[in-house]
1. Within the group Ala104, Ala84, which residue is within 15 Å of the ligand (Cβ to nearest atom), part of a loop (DSSP other than H, G, I, E, B) and in contact (Cβ under 8 Å) with a residue 12 or more places away in the chain?
2. Just one of (1) in a helix (DSSP H, G or I); (2) crowded, with 21+ Cβ neighbours inside 10 Å; (3) of a type outside the set (Phe, Trp, Tyr); (4) within 16 Å of the ligand (Cβ to nearest atom) trips up Ala129, so point out which.
3. Which ranges mark the strands (runs of 3 or more DSSP E) fully within region 177-255 that have 3 or more residues being crowded, with 17+ Cβ neighbours inside 10 Å?
4. Out of Leu149, Leu184, Leu191, report the one residue that is modelled with pLDDT of 95 or more, of a type outside the set (Lys, Arg) and more than 25 Å from Asn13 (Cα to Cα).
5. Search region 1-25 for residues that are touching a residue at least 24 places away in the same chain (Cβ under 8 Å) and pair each with any residue that is surrounded by fewer than 17 Cβ atoms within 10 Å (Cβ to Cβ) and among the acidic types (Asp, Glu) when their beta-carbon atoms are under 6 Å apart and the residues are at least 6 apart or on different chains.
6. May I ask you to verify whether Thr26 is modelled with pLDDT of 95 or more and either open to solvent by 20 Å² or more (accessible area, probe 1.4 Å) or of a type outside the set (Phe, Trp, Tyr) (or both)?
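The values are calculated or read from the model by the stated rules, or taken from the named source; none is laboratory data. Keep in mind that this is a model prediction, so the values were computed, not measured. When we count neighbours, we look across all protein chains shown, and the Cβ atoms used for this are built from the backbone with ideal geometry, even at glycine. Remember, those area values only see protein heavy atoms, side chains included, never the ligands or the DNA or RNA. Shrake-Rupley method; radii C 1.70, N 1.55, O 1.52, S 1.80 Å.
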Amino acid sequence: MDKLIITVAPTGNVPTKEINPHLPITPDEIAEDIYCCYQAGAAVAHLHARNQAGEPTADPLVFAEVAKRIREKCDIIIQFSTGARAGKTAEERGACLELAPEMASLTTGSSNFSNMVNYNPPELIKELAQKMKQKGIKPEVEIFDLSALEYAKYLVKKEMLKTPLHINLVLGVPGSAGGSVRNLFFLIESLPTDCTWSVTSIGRSHRQLSALGVVLGGHVRTGLEDLNELEAGKPVSNLQLVQRVAALAEAYGREIATPAEARVILDLTTETDNL
Ligand code: ZN
């Protein structure tokens, strides 16, 4: 079994400081938080950007600022989000790809969030995939249900995505595949043979499904993008969430990958990191 890659998703688009005072929002706060998580074992940082009002933005200048401050502190793998909440067009959502991060998220199908469409039509997916391919950016293929996984396989067949894929199984989003053990097993069984995968479980199912990710040889994402508390009424920090996954890894005898080791496991080409 490969060493475990822990991804931290510190900010997302939805949480606010009112809900959780630990939430990092500014580039400085995010960089400081990521550095603590890196020291606790995180090898990948999945990043969203916020404007000065704290709202989601696709502005590449903000992404650049966040990445620069992280790079001053550590060599964690930087992954930008191209998700549906921060912009409408492929141009807007892919603006951060001009910065050539090592990785970027690529959702390969539409579904629903609790209050809006997770809008990813084929043309937009192809445009983002092509841009990532041109720039040597490794996509983290985000799967919110089976159809998105099937579409990723189709894109491989059409040579728009390169193998080995890295696939993130996102479960527990209201409006998409629910966070159940059965759903996780079903998606794992549906994966292509030549891929790496991770599990991202939103809300209540987070503890159970991230433990399965550790045990079954997948990788695990955690962070305030995915859940706000482990115990009712007690907001957690990103550091606590990463420490919890690191403790799970230790309990189940799985070593944790450094960023350098994760680059090998994920088949990244380091020369593409221009940040
Ligand atoms: Zn995200």
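1. The match here is Ala84.
2. Exception for Ala129: condition (4).
3. 195-201, 219-222
4. Only one candidate passes the filter, namely Leu191.
5. Matching pairs, first to second residue: Lys3/Glu255; Lys3/Glu261.
6. Yes; evaluated as a whole, the condition is true for this residue.
Every residue, every condition in (1) of a type in the set (S, T, N, Q); (2) open to solvent by 20 Å² or more (accessible area, probe 1.4 Å); (3) within 16 Å of the ligand (Cβ to nearest atom); (4) assigned to a helix (DSSP H, G or I), yes or no:
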{"position": "Lys17", "(1), (2), (3), (4)": "no, yes, no, no"}
{"position": "Pro21", "(1), (2), (3), (4)": "no, yes, no, no"}
{"position": "Glu32", "(1), (2), (3), (4)": "no, yes, no, yes"}
{"position": "Tyr38", "(1), (2), (3), (4)": "no, yes, no, yes"}
{"position": "His46", "(1), (2), (3), (4)": "no, no, yes, no"}
